[in-house]
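Contents: one structure, followed by commentary.
The values are calculated or read from the model by the stated rules, or taken from the named source; none is laboratory data. In this text the structure is predicted, and so the values were computed from the model without any measurement. So basically every Cβ, Gly included, is an ideal-geometry build from the backbone, and we count neighbours across all protein chains shown. When the accessible area is computed, the model is the full protein with side chains, heavy atoms only, and any ligands, DNA or RNA have been set aside. Shrake-Rupley method; radii C 1.70, N 1.55, O 1.52, S 1.80 Å.
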Amino acid sequence: MNSFLAYMGGKSLLARKIIPKIPEHKCYVEVFAGAAWLLFKKEENVSDVEIINDINLDLITLYRVVKHHLEEFIRYFKWVLVSRDEFYRFRKEVPESLTDIQRAVRFYYLLKLGYAARIKDPSFSIATTSKPRLNLLRTEEELSAVHLRLARVYIEHRSYAEVFARFDKPDTFFYIDPPYYGCEDYYGEGIFDRDDFMKLRDILASISGKFILSINDVDHIRDLFRGFRIETVETSYSAAGANKKKHVNELLIMNYEPVES
Ligand SMILES: C[S@@+](CC[C@H](N)C(=O)[O-])C[C@H]1O[C@@H](n2cnc3c(N)ncnc32)[C@H](O)[C@@H]1O
């Protein structure tokens, strides 16, 4: 199945190249979950336990509300308009002053109707060529499948280092998809910076579980992770506002040799 979110840096296209490389494991952990495209696209029954984690509390609240309070979430949407004014009214709200359900609704609305699914400073997206991405009549149908898929998934809200400390075991598999090198602040200020690549590398050198890290192909990253297995894969994305797809290389960095299934 697909994720229910279009997300900046989401791996909707790359997932099919990564999934065959996932080794046997008991516990599956997405450390930087975002829209968790890999979780939604992979088979559920290949993992005994599944955990998704992200530092963004709006996002994690959305996952928890879709998992535990779907009916309330849907009910809220029955009275929500798709309009520029409503978008900026939501944007002005302070997430900490809202209930969990309101907070989840706000984040989902801004992500669905914002230009290029930007997390920081979203702006209302309108085009003469496509319908709005939020179709209130289809929300219930779309989210019911997600609600069922999340039923046995643990949802964590921690910074990445704590996730490794807590869940590392020989039969744990970590999928690691941090912000791109050069785009460290795209998901918020002060949550991930350039030095974190080195911290991440040091953690990865010491874990007993297996991992795949996906990242943009830049010399600094190749150099930093040179002790690991590095594969190059081609992917594409549409630059915001452009119709044409751009082809780029990404790196998959691993601490094992994959046997592709
Ligand atoms: C590239 S996106 C992940 C995209 C995801 N793989 C997908 O398919 O949608 C990176 C995510 O890392 C999260 N993040 C940034 N810093 C973090 C940190 N210190 N600990 C945990 N998550 C973090 C961001 O909130 C963002 O959702």
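Need pairs with beta-carbon distance below 6 Å; first residue among the acidic types (D, E) and within the stretch 17-37, second within 13 Å of the ligand (Cβ to nearest atom); sequence gap 6+ or separate chains.
If the second residue must be within 13 Å of the ligand (Cβ to nearest atom), the pairs left are E30/A36; E30/L39; E30/I52; E30/Y175.
What pairs come out if I take residues in the stretch 96-121 that are within 22 Å of S12 (Cβ to Cβ) and open to solvent by less than 20 Å² (accessible area, probe 1.4 Å) and pair them with residues that are in a helix (DSSP H, G or I) and among the charged types (D, E, K, R) whose C-beta lies under 8 Å away, six or more apart or interchain?
A104/D58; A104/R64; F107/D58; Y109/E86; L110/R91
Looking only at the stretch 64-87, decide whether some residue is open to solvent by less than 30 Å² (accessible area, probe 1.4 Å) and within 13 Å of the ligand (Cβ to nearest atom).
no
Which ones in the stretch 48-62 are open to solvent by less than 10 Å² (accessible area, probe 1.4 Å), more than 11 Å from the ligand (Cβ to nearest atom) and closer than 15 Å to L38 by Cα?
Hits for the stretch 48-62 are E50, I51.
Only residues that are crowded, with 17+ Cβ neighbours inside 10 Å and either near the ligand (Cβ under 10 Å from one of its atoms) or not in a loop (DSSP other than H, G, I, E, B) (or both): list them for the stretch 1-16, please.
Initial filter on the stretch 1-16 (crowded, with 17+ Cβ neighbours inside 10 Å): 3-5, 7-12, 14-15.
Those that are crowded, with 17+ Cβ neighbours inside 10 Å and either near the ligand (Cβ under 10 Å from one of its atoms) or not in a loop (DSSP other than H, G, I, E, B) (or both): S3, L5, Y7, M8, G9, G10, K11, S12, L14, A15.
On the basis of being under 21 Å from the mean Cα position of the chain (by Cα) and under 22 Å from S12 (Cα atoms), does F164 make the cut?
Numbers: under 21 Å from the mean Cα position of the chain (by Cα): yes; under 22 Å from S12 (Cα atoms): no.
Criteria not met by F164.
Taking A36, is it within 10 Å of the ligand (Cβ to nearest atom), within 18 Å of S144 (Cα to Cα) and either in contact with a Cys (Cβ under 6 Å, 6 or more places away or on another chain) or at pLDDT below 95 (or both)?
no
Tell me which helices (runs of 4 or more DSSP H) are completely within the stretch 41-95 and hold 3 or more residues being basic (K, R) and assigned by TED's automatic domain parsing to the domain that holds E140, or say none if there are none. Even if it seems obvious, please write down each step before you answer.
On the way: elements: 57-68, 70-77, 84-92.
Correct list: 84-92.
What single numbered condition from (1) open to solvent by less than 80 Å² (accessible area, probe 1.4 Å); (2) part of a helix (DSSP H, G or I) fails to hold for E140?
(1)
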